[in-house]
1. Quick check: pseudo-label points 7 Å beyond the Cα along Cα→Cβ at LEU173 and GLU229, how many nm apart are they?
2. Please enumerate, by chain and number, the lysines with C-alpha under 20 Å from the C-alpha of LYS53, excluding those fewer than 8 residues away in the same chain.
3. Given a cut-off of under 8 Å on Cα pairs at least six residues apart, what relative contact order in percent is computed for the stretch 112-267?
4. Pick from THR63, THR37, THR125: which is most flexible by mean-square fluctuation in a GNM of the chain where alpha carbon atoms under 10 Å apart are linked?
5. Kindly provide the helix-only [θ] at 222 nm of the chain, computed as the sum of -39,500 (n - 2.57) over DSSP H runs of four or more divided by all residues, to the nearest 500 deg cm²/dmol?
6. Return the FRET efficiency for the residue pair ASP147, TYR58: r is the Cβ-Cβ distance, R0 is 35 Å, and the value is rounded to the nearest 0.05.
7. If you average the C-alpha positions of the stretch 6-84 and of the stretch 196-220 separately, how far apart do those two centres end up, in angstrom?
8. Would you mind telling me which residue in ILE122, ILE234, ILE189 has the biggest mean-square fluctuation in a Gaussian network model of the chain, where springs connect alpha carbons within a distance under 10 angstrom?
Amino acid sequence: MGIITLLTDFGLTDEYVGVMKGVILGINPKAKIVDLTHHIPAQSIRAASFLLKTSYAYFAPGTIHVAVVDPGVGSDRQILAVKADGHYFLAPDNGLLRPILDEAAEVEAVIVSNPKICLQRISRTFHGRDIFAPAAAHLSLGTPLEDMGSSISLEAMQQEEAAREEQMPEQLLGQIVWVDHFGNLVTTISKDGLDMFAQGRPWEDMVVQVQGGDGLKILDTYSEVGRGELLALIGSRGFLEISVNMGNAQEALYAGPGARVTVSFSK
């Protein structure tokens, strides 16, 4: 396809993202590069994993997804090139890809080790430029996975404790995993998880609490509450979000990634 997405924690203040693009386009001038986001919190594998998992399927099969959130850069950690459910992924072997691969019907993976698909000089601190970017460009030109390195099984890959919901007898437990540009608090509690927890009981009887605070109802739209009021709703990713109509839920609740979220039924 020649489409390459980039997801990093590099931000846009420095030259890092631009240099990665320069390397890609130097190898494949016809590559189409999409910036998924470069504002992952520094070293947050969990946030990167969540956003990639909820985003990649909106791209056409054959797209190459490059995820560089890499606290272990320069160490003996491996770099993975993976084909799963028709998409390609390049990421450190630090658990970032596991939530996607654990649910994939088919997984083919290698450890990127072929020096011919890397830059000649590899720094200890910028593998995004020296390994990930050229590897992505070569993939976009049709280089087979098997030419990039030796195969690795799913079982041999590193695992990261995934951000997910936990169903208890009387509560559904989750946490905030992402705060978007508007200050909406995105949780690990999915719509499907809420349906399973409800077991046919009406959603309007559910109460959502952030860090044990006031209970919120799950509504359909922001406009169902007044300006500046808190609410819970299912966001576009299919996960429960805490929001403020025309405001910022992070500022209103002083809450961020890792904060506990519970769902229960009012008595």
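The values are calculated or read from the model by the stated rules, or taken from the named source; none is laboratory data. If you're wondering where the values come from, they're calculated on a predicted model, not measured in any experiment. Every residue, glycine as well, gets a Cβ built from its backbone with ideal geometry; the counts of neighbours run over all protein chains shown. Side chains are part of the model used for accessible areas, which takes the heavy atoms of the whole protein and leaves out ligands, DNA and RNA. Shrake-Rupley method; radii C 1.70, N 1.55, O 1.52, S 1.80 Å.
1. 3.2 nm
2. LYS83, LYS191
3. 23 percent
4. Looking only at THR63, THR37, THR125, the biggest GNM fluctuation is shown by THR125.
5. Mean residue ellipticity at 222 nm (helix-derived): -4500 deg cm²/dmol.
6. Using R0 = 35 Å, I get an efficiency of 0.75.
7. 35 Å
8. Of the options given, ILE122 has the highest mean-square fluctuation.
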